[in-house]
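Here the structure comes first, spelled out in structure tokens, and everything after it is commentary.
The values are calculated or read from the model by the stated rules, or taken from the named source; none is laboratory data. Predicted model, so just to flag it, every value in this text is computed and none were measured. Note: ideal-geometry Cβ built from the backbone for every residue, glycine included; neighbour counts use all protein chains shown.
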Amino acid sequence: MARARWTTTEIPDQRGRSVVVTGANSGLGFETARMLAERGAHVVLACRNPERATAAAEAIRVTAPDAELSSVQLDLADAQSIRAAAGELRERLARIDLLINNAGAAFGELSLVDGIDRTFVTNQLGPFAFTGLLLDRVLAAPAGRVVTVSSNVPFQGLTELELDDLAYTRRAYGRWHAYSQSKLANLVFALELQRRLTAADAKTIAAAAHPGGADTSFGSNTGGLVGFLGSKPLRWLTGSLAIPAAQGALTTMRAAVDPEVRGGDFYGPDRVKGFRGWPTRIDPGPVAGDAEVGARLWAACEQYTGVEYSFGA
């Protein structure tokens, strides 16, 4: 019988587990890191700003004074930073029980990194590279998981994953379109990663989640979520329908620690078209579930990052 709602009381003891959470200094990432630390996990806060990582660790210790916390500097738009962070973690951790690709960004204007839209680089190419460089550590865990945080935007009318013009030279740049494409790519990536883990007969699983209309600082560089969306009528999303960041993070938590999760599962809030509610397994949709789309994204990510995955034990 399905649970009526999945809450923090369902989070199992995490003592003895090593966890890496990207973007853990604020919002969903902070709440995810806090919940895991409160259950006894060793949590690595992978953040772009070291000072903010330190402040986040101090805040977590308010409710988890004995928390085992550490940090690593990580800028997902910088290939050197990704490799340096992964190298540092490889030296520090023999295994990673849980890798949570939470960090993401939204940019109001087109900005290119090595000729590619910064939004796509930060939200998809960076996590792809970071995961690939640490995958052997996750495979070394007895029940390793990779959880990627997507969005409910794949359900907002997208009919394809566009990979042929990531520099926006042939079409006008739209900030919402660019963000939506990057988050759809996150979901496609998670499902394709699971296909490859299954083919390799690995015990590690990949899952995905989206937080719904969580009240965070997302889009602060473009005037907040409403400013990013650029539509006054959408103020309802940050008003009466918004949910606290801690509740939004529960979908990630369920994908990360619920023993009933299976590889390829996707979790989101269960009400108001995925904007509110409690974590439930949802359909990723036909685009994300298309194996040909997954293979095409994977090839593009390998090409642009230079990172090739090894699925050996």
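Residues that are among the hydroxyl-bearing types (Ser, Thr, Tyr) and buried (at least 24 other Cβ atoms within 10 Å of the Cβ) do occur in the range 21-30, at least one of them. Applying the criterion of being under 13 Å from ARG34 (Cα atoms) and either in contact with a strand residue (DSSP E or B) (Cβ under 8 Å, 6 or more places away or on another chain) or among the charged types (D, E, K, R) (or both) to the residues of the range 234-263, the residue that is modelled with the lowest pLDDT is ALA245. Among the residues of the range 58-69, at least one is in contact (Cβ under 8 Å) with a residue 24 or more places away in the chain, assigned to a loop (DSSP other than H, G, I, E, B) and of a type outside the set (Val, Ile, Thr). Looking across the range 147-197, the residues that are among the charged types (D, E, K, R), surrounded by fewer than 18 Cβ atoms within 10 Å (Cβ to Cβ) and farther than 29 Å from LEU98 by Cβ come down to GLU160, GLU162, ASP164, ASP165, ARG170, ARG171.
Pick out the one residue from GLY104, GLY16, GLY87 that is assigned to a loop (DSSP other than H, G, I, E, B), under 22 Å from ALA140 (Cβ atoms) and not hydrophobic (A, V, I, L, M, F, W, C). Testing whether each residue is assigned to a loop (DSSP other than H, G, I, E, B), under 22 Å from ALA140 (Cβ atoms) and not hydrophobic (A, V, I, L, M, F, W, C) leaves just GLY16. Return a yes/no flag: does the range 254-269 have any residue that is under 11 Å from GLY212 (Cβ atoms), outside any strand (DSSP E or B) and under 18 Å from the mean Cα position of the chain (by Cα). Scanning the range 254-269, I find no residue that is under 11 Å from GLY212 (Cβ atoms), outside any strand (DSSP E or B) and under 18 Å from the mean Cα position of the chain (by Cα), so the answer is no.
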